[in-house]
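Read through the structure below, which is laid out as structure tokens, and then see the notes.
The values are calculated or read from the model by the stated rules, or taken from the named source; none is laboratory data. Because the structure is predicted, anything quoted here is derived from the model rather than measured. Cβ: placed from backbone, ideal geometry, glycine included. Neighbour counts: every protein chain shown. Quick note on the areas: whole protein, heavy atoms, side chains included, nothing else; ligands and nucleic acids left out. Shrake-Rupley method; radii C 1.70, N 1.55, O 1.52, S 1.80 Å.
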Amino acid sequence: MLAFADSRATLLLAGVPFGLGFGIVVPLLSSVAVKRSPRNRTGVANSTYYLCLNLGFGFGAFVGGKTIDAFGFRHAFLLWIVSIVIPTMVGLIWMRDGLVKKSV
């Protein structure tokens, strides 16, 4: 929706699912990281998760700015879809094939 927003109302409307998704996914993934780690390493798992999250925010903002400069907002949003779809597919395959160890 953000890629095709042509008015303020559309932009605000596009922010609703984005905010809901972000508000659900961040704590959900944090709890998955903690639950899948050994009990004596939960603090490390949580810290590592938030470190990587913050590095992603910083790196994403930098790359996003460069992408917007090169291609404009509309194309940048379309290109960012790839940065969401590919890791999601890799993660799903990884989880399905049992490559992630389940903690007991």
Tally, over the stretch 83-104, of residues that are surrounded by fewer than 10 Cβ atoms within 10 Å (Cβ to Cβ) and at pLDDT 85 or above: 1
Only residues in the stretch 35-58 that are under 16 Å from residue 25 (Cα atoms) and open to solvent by less than 100 Å² (accessible area, probe 1.4 Å) count as the first member; pair them with residues that are of a type in the set (S, T, N, Q) and assigned to a helix (DSSP H, G or I), Cβ under 6 angstrom, at least 6 apart or cross-chain, and list the lot. 49/30
I need a count of the residues in the stretch 17-28 that are at pLDDT 90 or above and either at positive phi or open to solvent by 80 Å² or more (accessible area, probe 1.4 Å) (or both). 3
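For the stretch 1-31, what are the residues that are of a type in the set (Val, Ile, Thr), under 14 Å from residue 50 (Cα atoms) and touching a helix residue (DSSP H, G or I) at 6+ places or on another chain (Cβ under 9 Å)?
Taking the stretch 1-31 as the starting set, the residues that turn out to be of a type in the set (Val, Ile, Thr) are 10, 16, 24-26.
So of that shortlist, the ones also under 14 Å from residue 50 (Cα atoms) come out as 25-26.
The answer is 26, and nothing else.
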